[in-house]
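Below is one structure, written out as C-alpha cells, with a few remarks after it.
What follows draws every value from the coordinates through simple rules; no lab data is involved. Owing to the predicted nature of the structure, the values given are computational and were not obtained by experimental measurement. Counting neighbours? That spans all protein chains shown, and the Cβs are built from the backbone with ideal geometry, glycine included.
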Amino acid sequence: MTQVSAPLLISPIVLVTDGACPGNGTADARGGWAAILSDTHGHEIVLTGGETPSTNNRMELTAALEGLAAAPAGADIELVTDSTYVANAISQGWLDGWQRRGWRTAAKQPVANRELWERMLREIGRHQRVRTTLVKGHAGHDANERADQLAQHAALDDYGPAARGMHPSGTGSDPIDQQLGFSFGADRGPNTTT
C-alpha cells in the first residue's frame, strides 16, 4: 500500500463516494470503491481500494467508511452517494432501527454487512454532522461520475479480502486521472511517499 501524506482538510467537507462490483452476486465478484474528499479551500484527497470476493453494497458502504475515516474528527460532512442503501440507512433511521431490533431488519432477518454498519456508527460518531445527499448514478453528476470511474478501475486491481488502498489521485499526474481527463493544481493533491 502506498503511504500518502495528505493535505489537511478543513470543515465543511464534501465526500463523494461510489462502489463497483463486476460480477456482483457471484463467488469471484471483484469489488472496488472510491472516496473523494474536498473542502472549500480547494484541498482534495482521493482514496480507492477493493476486495475479492465482494458485493456492490459492501463496496458502496466501504467507500463511505473509508472517506469518513480519512476526514478529520469533528468535521461537518456532506456525504454524496448514488447508493440508496447507504443514504437511507444513515438519513432514514435504518441504523437506529437495526440496533433496536438486535441487528435484525424489519423482516426479522440478520442485517447484511453488520460489521461495516457497526463501524459506520463509530465513524459517524467522530464527526460533528454527517448528512447524505442522494444523487442519481450515471446521470451526469461530475464528481459521482469520477468516483464511479475510479471505483470501476479499482475493481480491476488485484485485491484480496478487505484490502484497502490509498490512491494518490488529484495531483493530475496520476495515470487514472489523466486517463479520465482530470487535472488539478499542484497544491490540491496529496504527496506520495513510500
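Sorting the segments 73-81, 144-152 by their residues' average number of neighbouring beta-carbon atoms within 10 angstrom, most packed first, yields 144-152, 73-81.
Near Val130, the amide H atoms lying under 5 Å from its own belong to Ile77; only residues 5 or more places off or on other chains count, and H is placed 1.01 Å from N.
What the phi angles of region 62-70 give under the Karplus curve with 6.51, -1.76 and 1.60, with θ = phi - 60°, is a coupling list of 5, 4, 5, 4, 5, x, 5, 5, 7 Hz, glycine and proline written as x.
Which percentage, to the nearest 5, of the DSSP beta bridges contained in region 2-136 is antiparallel? The antiparallel fraction comes to roughly 65 percent. Computed from backbone phi, the HN-Hα couplings of region 17-28 come to 10, 7, x, 9, 7, x, x, 3, x, 10, 5, 10 Hz, rounded to whole numbers (Karplus: 6.51 cos²θ - 1.76 cosθ + 1.60, θ = phi - 60°; Gly and Pro given as x).
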